[in-house]
Each structure stands twice: as C-alpha cells, then as structure tokens.
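The structure appears right after this line, and notes come after that.
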Amino acid sequence: MNNRILLIGGGGHCKSVLDSLITSFNFTDIAIIDTKENLGKEILNRKIIGTDDDLEKLFNYGYKNAFITVGSIGDTRLRRKLFEMLKKIGFNIPSIIDSSAIVSENAKLDRGIFIGKNAVINIGSVIGEGAIINTGTIIEHDCIVGEFAHIAPGTVLCGDVVIEENVHIGARAVIKQQIRIGNDSIIGMGSVVLNDIPPNSIAYGNPCTINWNKAKRKET
Ligand code: JB2
C-alpha cells in the first residue's frame, strides 16, 4: 500500500479519523482536502493542502489513497458524492479501524468504513461501504449495516438487526434483536427501538415511535 493518503473534509469527524489513522496505520504522508476558505489550516499538524478540484492532480502526484472525513447526520448525499468522485479518479479507499476496536475475524467489512474507538463488531456482521461505526458502538452478531449508514457513539445493535443504507442512528440508541430500520431513516438519540421502522422515517423515544415520514411529507 502506498503511504500517502488524503482525508476529504477537515472538520470534527476528520479529527476522530485522523487520531485513529495516526496511531493505527503506516501512512507517513497524510494531508487534508477541504474548501478554499480553509486552505493552509492544520489539524493535528496535518495541513489542508487543496480542494476537491485538486484531487485528480494530487492522485497523479502520488496520493493513491483517500478517505471521506466529512461526517453525516441524516443526510449522506455529500459523503456519497465525494465517494463517487474518489472512485472515478481511481483512488484506493481503505477502511480505517481504530486500534482499540474489536472486530470479529468472522465479520465482513466493505471499503471506506470508519470504526471508532472501543467499537465492537461481532461474528457474522456485515458492514457496507462508507458506513461510520462511531466510538463505543456495539454491533452484535449477524447484523447488517447498509452503505453510508452512521451508527453514532454508544449505540447498541442487538443480534440480527438490519440497518438499511443512509440510516442515522443517534447516540446511545438501543435496537432490539431482529429489528429492521428502513433506508434513509433517522433514529433519535437514546431511543429504544422495539419494532421495525419503515424507510424515510424520523423516529425517537422509549419505546421508539415514528414522528415523521419524509416520503409522505414530500407528497403533501
Ligand atoms: O464539498 C466539500 C465540503 N463541504 C464541507 N468538500 C470537502 N473536501 N470538504 C467539505 N466541507 C468541510 O467539511 C467543511 O469546510 C468542514 O471543514 C468539514 C465539516 O466539518 P464539521 O465539523 O462541520 O462536520 P463533520 O462532518 O466533520 O462532523 C459531523 O459529523 C460527525 C460524524 C459532526 O456533527 C460531528 O460531531 C460528528 N461526529
């Protein structure tokens, strides 16, 4: 693996990823891509060296690895757009796993995933491309986490849970075993989810109830 990597997005999520990257990986040249206004700024002594318009040039210059460090809370469109841009140019997109995380050898991870400090991913679970498994999350056995889902800090997915793509699960939520959360839904912080949640819902509480349906709202 080439030892140069670009992190795309230089905000709060970038700090978390960078901290894991510095302690767990062998990249000797780490640089950040952000907006024009932030050029020259530094995070943990790594500089913002360019904007998205410079990606192709930097790839040709020798940065062959890149990782999306723009976060998402309920809207994954920017992360997806940037991911497509990286793929088109030909970047290798690794998964970044903090050294304190515990990932079963019998779990399956796609590319571009971030797994934060003290997260646990147990046997038989499958994590999709671009997902964020944040600090202290527990993904129990045989769960499926879809592409670009974000499981926020301290969340527990009991066994056999399915989280479809683009879902955001708020911090410290607990999802009962065998529950399915439909694509593009948002589950509020601290919710206790006892029933399936259909796609495009915003749901929260203990027990978790649906408060809003994005798709129905669009029709009215
Ligand atoms: O199109 C873009 C772009 N738009 C915004 N391209 C690139 N390369 N960068 C972009 N940005 C940059 O992303 C902004 O200028 C800013 O530096 C960064 C977003 O930082 P912020 O701290 O606002 O959000 P975040 O996405 O890093 O973190 C959110 O999501 C995390 C998962 C926060 O809510 C965190 O608290 C959360 N943990």
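What is the one condition in (1) within 13 Å of the ligand (Cβ to nearest atom); (2) hydrophobic (A, V, I, L, M, F, W, C); (3) touching a helix residue (DSSP H, G or I) at 6+ places or on another chain (Cβ under 7 Å); (4) within 23 Å of G116 (Cβ to Cβ) that F27 does not satisfy?
(1)
Scan region 174-191 and report the pairs whose first residue is part of a loop (DSSP other than H, G, I, E, B) and whose second residue is acidic (D, E), with Cβ atoms within less than 7 Å and a gap of 6+ or a chain change.
Pairs found: Q177/D160; Q178/D160; I179/D196; G182/E164; N183/E164; N183/E165.
Starting from residues that are modelled with pLDDT of 95 or more and under 30 Å from G170 (Cβ atoms), keep the ones in region 49-72 and report whichever is nearest to the ligand (Cβ to nearest atom).
So the residue we want is G71.
Within region 122-137, work out how many residues are closer than 9 Å to P153 by Cα and either of a type in the set (K, R) or surrounded by fewer than 24 Cβ atoms within 10 Å (Cβ to Cβ) (or both).
Result for region 122-137: 3.
This table checks each residue for (1) at pLDDT 95 or above; (2) more than 12 Å from the ligand (Cβ to nearest atom); (3) touching a Ser or Thr at 6+ places or on another chain (Cβ under 6 Å).
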| residue | (1), (2), (3) |
| --- | --- |
| H13 | yes, no, yes |
| A31 | yes, no, no |
| N92 | yes, yes, no |
| D98 | yes, yes, yes |
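Would you please name the residue that is modelled with the lowest pLDDT, looking only at residues in region 196-220 that are outside any strand (DSSP E or B) and farther than 21 Å from K176 by Cα? Before the answer, list the steps.
Going residue by residue through region 196-220, those that are outside any strand (DSSP E or B) are 196, 198-200, 205-208, 214-220.
From what's left, farther than 21 Å from K176 by Cα: 214-220.
Numbers: K214: 72, A215: 61, K216: 59, R217: 57, K218: 56, E219: 50, T220: 44.
Among those that are outside any strand (DSSP E or B) and farther than 21 Å from K176 by Cα, it is T220.
Which of (1) closer than 24 Å to T23 by Cβ; (2) among the aromatic types (F, W, Y); (3) more than 16 Å from the ligand (Cβ to nearest atom) is the odd one out, the single condition Y204 does not satisfy?
(1)
Go through region 33-48 and give me each residue that's more than 9 Å from the ligand (Cβ to nearest atom) and in a loop (DSSP other than H, G, I, E, B).
Those that are more than 9 Å from the ligand (Cβ to nearest atom) and in a loop (DSSP other than H, G, I, E, B): L39, G40, L44, N45.
Any idea which residue in region 51-72 is surrounded by the fewest Cβ atoms within 10 Å (Cβ to Cβ), counting only those that are touching a residue at least 40 places away in the same chain (Cβ under 8 Å) and over 20 Å from D19 (Cα atoms)? Let's see the steps before the verdict.
Applying the first criterion (touching a residue at least 40 places away in the same chain (Cβ under 8 Å)) to region 51-72 yields 52, 55, 58, 62-72.
If we keep only those that are over 20 Å from D19 (Cα atoms) as well, we get 52, 55, 58, 62, 64.
Details: D52: 16, L55: 21, L58: 19, G62: 10, K64: 18.
Restricting to residues being touching a residue at least 40 places away in the same chain (Cβ under 8 Å) and over 20 Å from D19 (Cα atoms), the top hit is G62.
Within region 154-161, is even one residue at pLDDT 95 or above, within 17 Å of the chain's Cα centre (by Cα) and within 16 Å of the ligand (Cβ to nearest atom)?
Applying the first criterion (at pLDDT 95 or above) to region 154-161 yields 154-161.
Subset that is within 17 Å of the chain's Cα centre (by Cα): 154-157.
Subsequent filtering for residues that are within 16 Å of the ligand (Cβ to nearest atom) retains 154-155.
Within region 154-161, one or more residues are at pLDDT 95 or above, within 17 Å of the chain's Cα centre (by Cα) and within 16 Å of the ligand (Cβ to nearest atom).
Are any of the residues in region 117-134 of a type in the set (K, R), modelled with pLDDT under 95 and either away from the ligand (no atom under 15 Å from the Cβ) or not assigned by TED's automatic domain parsing to the domain that holds L82 (or both)? Walk me through it before giving the result.
Within region 117-134, the first condition is being of a type in the set (K, R), and the residues that meet it are 117.
Retained after the next criterion (residues that are modelled with pLDDT under 95): none.
No - not one qualifying residue is present in region 117-134.
The values are calculated or read from the model by the stated rules, or taken from the named source; none is laboratory data. The model shown is predicted, which means the values in this text are computed figures rather than measured ones. Note that each Cβ is placed from the backbone with ideal geometry, even for glycine, and that neighbours are counted across all protein chains shown.
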